[in-house]
Amino acid sequence: MYVRALLLKARLVALNGHEQLLKGEQMTTALQNSLNYVKQALDIISKPENKVKYGFLIYNTSVCVYNIIREYIKKDWLKNYTEYVDRLEKLFDEVDEPDYNWRCRYTWLLFQCLYDAEKKPDAAKILEKLWETTTKKKGPCNFQEHLFRLRIHLGREKEFSGIYSSTKKDADAAPEDMGWKHLYVLQ
């Protein structure tokens with residue numbers, strides 16, 4: 001019950017900042033205060049003795065964090081939220097979240113946070129992990145084509161050079177009806 005109360009307090013603090021029309025540094029401070037409550041909830045959830053009892057709240061926590069930072073999913077803002085998104089992503093790995101598309105979206109959010117924080121090697125690992133999960137392990141997610149296009153474009157950057165060659169192989173190996181070979185040529 002206490003974990004849910006912390007998540008509710010986090011949402012209320014964030015909403016209060018929006019209602020007061022805070023700007024700049026004041027809004028950032030309000031969001032950090034809000035995320036501190038999320039951090040307290042994560043500390044409780046991540047204790048080994050609490051994982052069975054509170055494991056289902058990892059999904060709720062991820063939705064809470066997403067709702068708090070949703071308006072700030074922009075360039076130069078996402079780097080501030082990498083710690084929270086990364087921690088939740090690791091907890092998702094431990095409980096094997098059943099909502100597959102949400103899990104893919106959240107992994108995608110972690111990629112965006114790492115990329116914005118200029119941690120491109122880590123971002124490349126997350127992107128490849130997401131790709132491996134969506135193509136080989138559990139099947140395609142609902143934004144697979146967008147993910148494929150991103151791999152093509154990022155493959156042209158030095159930090160993502162390994163992705164480019166694997167993207168070509170994936171395009172050649174994909175069934176014809178997916179159209180990835182054509183996308184690869186057009187991009």
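List of remarks:
- Label zone (residue 101, point 7 Å along Cα-to-C-beta; backbone nitrogen cut-off 20 Å) within segment 124-142: 130-142.
- Computed log₁₀ I(q)/I(0) - Debye formula, equal Cα scatterers, no solvent, the chain, q 0.10, 0.11 Å⁻¹: -0.47, -0.56
- Computed from the Cβ-Cβ distance with R0 of 22 Å, the FRET efficiency linking residue 40 to residue 144 stands at 0.05.
- Considering every alpha-carbon pair of segment 1-53, the percent of pairs per 10 Å bin, from zero through the bin containing the longest distance, is 27, 42, 22, 9, 0.
- Subtracting the Cα-Cα distance of residue 1 and residue 153 from their residue separation scaled by 0.36 nm leaves 50.2 nm.
- In this structure, the residue pairs whose Cα-Cα separation is over 27 Å, taken from 51/138; 39/119; 74/119; 9/129, are 9/129.
- Among 77, 131, a tally of other beta-carbon atoms within 10 Å of each Cβ gives an order, fewest to most, of 77, 131.
- Two-site label geometry, residue 15 and residue 93: point separation in nm, points 7 Å out along Cα→Cβ: 3.4 nm
- Solitary cysteines of the chain, where the nearest other Cys Cβ is not under 4.7 Å: 64, 113
- Each of residue 71 and residue 125 was given a label point 7 Å from its Cα along the Cα-to-Cβ line. The distance between the two points is 3.4 nm.
- Working note: 222 nm ellipticity from helices only, DSSP H runs with n ≥ 4, each -39,500 (n - 2.57), summed and divided by the residues of the chain, gives -22500 deg cm²/dmol to the nearest 500.
- Paramagnetic label zone (point 7 Å from Cα along Cα-to-C-beta, residue 56; backbone N under 14 Å) in segment 1-45: 1, 4
Values in this text are rule-based calculations from the coordinates and carry no lab data. Just so it is clear, the model here is predicted, and its values are computed rather than measured. Using ideal geometry, Cβ is built from the backbone for each residue, glycine included, and neighbour counts are taken over all protein chains shown.
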